[in-house]
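These notes concern the structure reproduced below.
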Amino acid sequence: MTLATDHPEIRDAVARLCADFPGEYWRAKDRDSAYPKEFVDALTRAGYLAALIPQVYGGAGLGLSAAAAILEEIHRSGGNASACHAQMYTMGAVLRHGSDEQKQRYLPAIAQGDLRLQAFGVTEPDSGSDTTALTTFARREGDTYFVSGQKIWTSRAAQSDLMLLLARTTPRHEAMKRTDGLSLLLVDMRAANPASLSIRPLRTMLNHSTTEVFFDNLEVPVANRIGEEGHGFRYILCGMNAERILIAAECIGDAKWFIAAASKYASERVVFGRPIGQNQGVQFPIAQAYARMRSAELMLREATSLYEQGENPGEEANLAKMLAAEASWAAGEACLQTHGGFGFANEYDIERKFRETRLYQVAPVSTNLILSYIAEHALGMPRSY
Ligand SMILES: Cc1cc2nc3c(=O)[nH]c(=O)nc-3n(C[C@H](O)[C@H](O)[C@H](O)COP(=O)(O)OP(=O)(O)OC[C@H]3O[C@@H](n4cnc5c(N)ncnc54)[C@H](O)[C@@H]3O)c2cc1C
């Protein structure tokens, strides 16, 4: 059944746009580790990346279900939204916690596509999932912070004008709680002195434009701090449910792509004189993946609907992300196995999507951390870390 919140018109329009960027396009970008600029430009021109920005700032003013539909459709059509999904939601920190002046300065330009805010620097080599252990430090002198330290896995830093940076402004041992003393800064990388900011691409298993970023006394005006000093961790937690819901939508899109490819191939490929899909050993893993995808999709709808009603659906957003990432992986596995040797051939795009969808069990949050959240917050068990 199609619900209004499924946004069928948006899905159709996104699918038409994606048809101009077929498998060959994504394969070439993957092979060359190149940024899919033409695709991102087309999405920007069509206004999709401004979906969540309120109309008063020049965006489309749509809800999270519309953004989820856009991202799901990109993935369902065989593409990958990771090159630009953060342009949709990173601005949420400015929208929710920025001053009026910051909103006026940044949001209209982001909505127009003239300003890119799609780099989010949180993870550090030594902090890992323990975000509050990060050590990148912003030392304040008058109206300026001097930032020193290192981030890792800062995706799209080289394709962004601004970076949302989480840095310590009070050393951990001096903070009342470990979640205190972190601040959120908007770093204008265009204005940065190259001796103070360097970005190094990291080659990875998938084409993700991810980088290491080094800060050496980088000057950031205090006016670029989002919200109050020391409250940055709370601000990023606020945005995590939206991010998890949107990533879950991408996983559902991947799962649908794998399931469609697997069922088609299973119906057409004839071995031993009959379609391989006539064998239950081939059918069942695909049907199983479909069942997992549909149940994850229900959880995603629940999380999105609660979010749009103004709730803070931590449990549902986490479950949707975990179940959808598991469903897309199961679908990828079934699709690869169904294709036999051809699943390994680049031209089928299966091995590329297989690598791409694997990421979601690790980033932006790994499955174990979601299970810890559920154990603690939904089941009331003791905190394990
Ligand atoms: C391609 C890519 C893009 C990324 N983009 C960004 C980005 O743009 N910005 C950004 O800030 N970060 C980004 N990340 C980082 C990502 O969010 C982290 O990799 C992820 O949060 C896991 O952290 P870690 O890699 O340090 O793993 P670790 O924290 O070292 O964990 C390693 C393993 O141990 C498990 N583990 C750790 N602690 C526990 C525990 N207490 N209980 C049970 N299991 C535990 C984890 O689940 C995981 O399986 C990206 C990562 C990748 C790979």
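Rounded to the nearest 10 degrees, the inclination of helix 232-268 to the longest alpha-carbon principal axis of the chain is 20 degrees. Compared with the dominant Cα axis of the chain, that is its longest principal axis, helix 23-32 is turned about 50°. Spacing of the modelled spin labels on Asn368 and Tyr25, each 7 Å from Cα toward Cβ, amounts to 3.9 nm. Across the options Val94, Leu165, Val271, the greatest Cα extent toward the positive end of the charge dipole of the chain (unit charges at beta carbon of Lys, Arg, Asp, Glu) belongs to Val271. Tally the DSSP beta bridges in the chain and give the antiparallel ones as a percent, rounded to 5. So the antiparallel bridges amount to about 85 percent of the total.
Straight-line reach from Lys151: which aspartates and glutamates fall under 14 Å, measuring Cα to Cα and dropping same-chain residues less than 8 apart? Partners within reach: Glu124, Asp126, Asp130, Glu212, Asp216. When region 316-385 is described by a simple charge dipole with +1 on each Lys and Arg Cβ and -1 on each Asp and Glu Cβ, the residue from Ser366, Leu323, Gly380 located farthest towards its positive end is Gly380. If you model region 117-230 as an ellipsoid using its alpha carbon gyration tensor, with each semi-axis the square root of five times an eigenvalue, the axes come out at 22, 17, 11 Å, biggest first.
If the cut-off is 17 Å between C-alpha atoms, which aspartates and glutamates fall inside it for Lys256, apart from same-chain ones fewer than 8 positions away? Answer for Lys256, where 17 Å is the Cα cut-off: Asp6, Asp12, Glu72, Glu73, Glu297, Glu326, Glu333, Asp349, Glu351, Glu356, listed by chain and number. When Rg and the Kirkwood Rh are both derived from Cα coordinates, the Rg/Rh ratio for the chain amounts to 0.98. For the chain, the relative contact order comes to 15 percent (Cα pairs under 8 Å, sequence separation of at least 6). The packing ranking of peptides 230-242, 301-313, 85-97, 161-173, highest mean first, is 85-97, 161-173, 230-242, 301-313, where packing means the average number of other beta carbon atoms within 10 angstrom of each residue. For region 176-186, 3J(HN,Hα) computed residue by residue from phi via the Karplus equation (6.51, -1.76, 1.60; θ = phi - 60°) reads 4, 10, 5, 7, 8, x, 10, 10, 9, 10, 9 Hz, glycine and proline entered as x. Using Cβ point charges alone (K and R +1, D and E -1), the dipole size of region 234-378 about the Cα centre works out to roughly 420 debye. When every Cα-Cα distance of region 4-112 is counted in 5 angstrom steps from zero, the calculated P(r) takes the values 2, 12, 23, 22, 17, 12, 8, 3, 1 percent. Peptides 267-277, 111-121, ordered by how many other C-beta atoms sit within 10 Å of their residues on average, highest first, read 111-121, 267-277. Compactness of region 216-282, taken as the C-alpha radius of gyration over 2.2 N^0.38 Å, stands at 2.26.
Anisotropy class assigned to region 179-257 is oblate, per the alpha carbon gyration tensor with a/c at or over the 1.5 cut-off and a/b no larger than b/c. Model label points for Asn193 and Tyr385, set 7 angstrom from Cα along the Cα-to-Cβ axis, are 3.7 nm apart. Taking 0.36 nm per residue of separation and subtracting the Cα-Cα distance, full extension of the segment from Glu308 to Gln112 would add 68.1 nm.
Which number do you get for Rg(Cα) / (2.2 N^0.38 Å) in region 41-197? Walk me through the intermediate numbers first.
Details: Rg = 16.7 Å, N = 157, 2.2 N^0.38 = 15.0 Å.
That ratio works out to 1.11.
Taking each DSSP H run with n ≥ 4 as -39500 (n - 2.57) and averaging over every residue of the chain yields -15000 deg cm²/dmol at 222 nm. Taking the centroid of alpha carbons for each part, region 156-230 and region 98-119 are 17 Å apart.
Roughly how tilted is helix 64-76, in degrees to the nearest 10 and between 0 and 90, from the longest Cα axis of the chain? Once rounded, the angle reads 50 degrees.
Pairwise Cα separations in region 282-375 fall into 5 Å bins from 0 onward with the following percentages, short to long: 3, 14, 19, 20, 18, 12, 8, 4, 2, 0.
Coordinate-derived values only; no laboratory data. Just so we're clear, the structure is a prediction, and the values are computed from it rather than from any experiment. Backbone-built Cβ (ideal geometry, glycine too); neighbour counts: all protein chains shown.
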